[in-house]
Amino acid sequence: MVLTKEYRICMPLTVEEYRIGQLYMIARHSHEQSDSDEGVEVVENTECEDPVHGKGQFTEKRIHLSNKLPYWIQALIPRIFYVTEKAWNYYPFTITEYTCSFIPKFQISIKTRYEDNNGSSENCLGLTPVELIHREVDFIDIAYDELSAKHYKEEEDPKFFQSKKTGRGPLIEGWRESTQPIMCSYKLVDASFEVWGMQTRVEDFIHKCIRDILLLGHRQAFAWIDEWHDMSLDDVRQYESKMHAATNEKIQPKTEPQNSSQPGTPSGSIPSSPKSPTGSANRSWFSWS
């Protein structure tokens with residue numbers, strides 16, 4: 001059975017503010033974490049449209065993982081190994097899918113909705129009664145959940161940080177019950193690795209990676225608020241394009257040319273598996289949306 005979790009991440013922001021902060025955080029973090037032999041390569045970033053959700057933004061990225069996996073997975077995969085991320089952003093609703101260049105039975109599907117509350121909506125993603133039974137809810141506290149020591153920076157710790165522009169922070173115990181404004185990112189994550197004998201272990205590892213990245217990324221989005229709070233959507237899109245170009249140049253991707261196609265929205269609530277593109281030798285860590 002596919003391991004399904006619903007992560008709920010509260011932020012001391014409004015949903016409209018978070019839209020800017022998320023785009024800024026992802027672009028900046030991807031650039032900072034890239035160097036000459038690892039990074040997140042942006043393959044495509046274009047507008048798209050869906051008959052139900054309206055206009056949105058489509059992005060495709062390649063995330064190279066070989067050096068970031070535990071030894072027991074590295075032993076099973078080739079050195080040229082990457083995950084393809086495709087995301088359809090119809091804010092405040094998004095769809096993201098991850099597939100593997102080497103393991104066709106690997107897939108992660110994420111549906112996300114953002115609401116102006118503290119995580120109190122029990123079914124904002126419209127799950128069926130059966131899906132609700134199998135769903136595991138996991139609240140992520142950006143201030144008080146433990147972060148890996150290698151990623152910890154005191155200036156990015158919400159327990160100590162205070163915004164000069166907004167006056168928000170530091171976040172005290174119980175902040176999700178008392179802070180205003182507040183919003184919540186609801187992320188329904190299906191992780192599937194249908195390989196006999198390894199499914200449970202790998203799916204648990206995938207969810208640990210996703211949780212760690214969501215915790216770090218949302219801490220940074222809040223800690224960097226004074227950098228992005230005055231930006232408009234056009235401003236942050238320009239910043240995003242600039243960072244994508246700089247990141248791609250920084251990691252010097254070696255890819256074969258491929259035909260471009262108009263991005264579409266996956267049919268159904270869970271995106272279908274894409275055909276993975278070929279060829280790249282850069283290595284990096286898992287991304288997020």
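The values are calculated or read from the model by the stated rules, or taken from the named source; none is laboratory data. All values reported here derive from a predicted model rather than from experimental measurement. Here the Cβ positions follow ideal geometry from the backbone for every residue, glycine too, while neighbour counts run over all protein chains shown.
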Study note, to complete from the structure: When restricted to 144, 152, the only residue among the hydroxyl-bearing types (Ser, Thr, Tyr), surrounded by 13 or more Cβ atoms within 10 Å (Cβ to Cβ), under 21 Å from the mean Cα position of the chain (by Cα) and at pLDDT 95 or above is 144
Practice item. Select from region 128-141 the residues that are in a loop (DSSP other than H, G, I, E, B) and either of a type in the set (S, T, N, Q) or over 19 Å from the mean Cα position of the chain (by Cα) (or both) and list them in ascending order. Key: 128, 135
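For (1) surrounded by 21 or more Cβ atoms within 10 Å (Cβ to Cβ); (2) out of contact with any Asp or Glu (no Cβ under 7 Å at 6 or more places or on another chain); (3) free of Cβ contacts under 8 Å to residues at least 40 places away in the same chain, each residue gets a yes or a no:
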site: 163; (1), (2), (3): no, no, no
site: 183; (1), (2), (3): yes, no, no
site: 188; (1), (2), (3): yes, no, no
site: 208; (1), (2), (3): no, yes, yes
site: 218; (1), (2), (3): yes, yes, no
site: 225; (1), (2), (3): yes, yes, no
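Per-residue answers, yes or no, for (1) within 20 Å of the chain's Cα centre (by Cα); (2) over 27 Å from residue 61 (Cβ atoms); (3) modelled with pLDDT under 95:
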| residue | (1), (2), (3) |
| --- | --- |
| 90 | yes, no, no |
| 93 | yes, no, no |
| 105 | no, no, yes |
| 115 | yes, no, no |
| 159 | no, yes, no |
| 165 | no, yes, no |
| 183 | yes, no, no |
| 194 | no, no, yes |
| 197 | no, yes, yes |
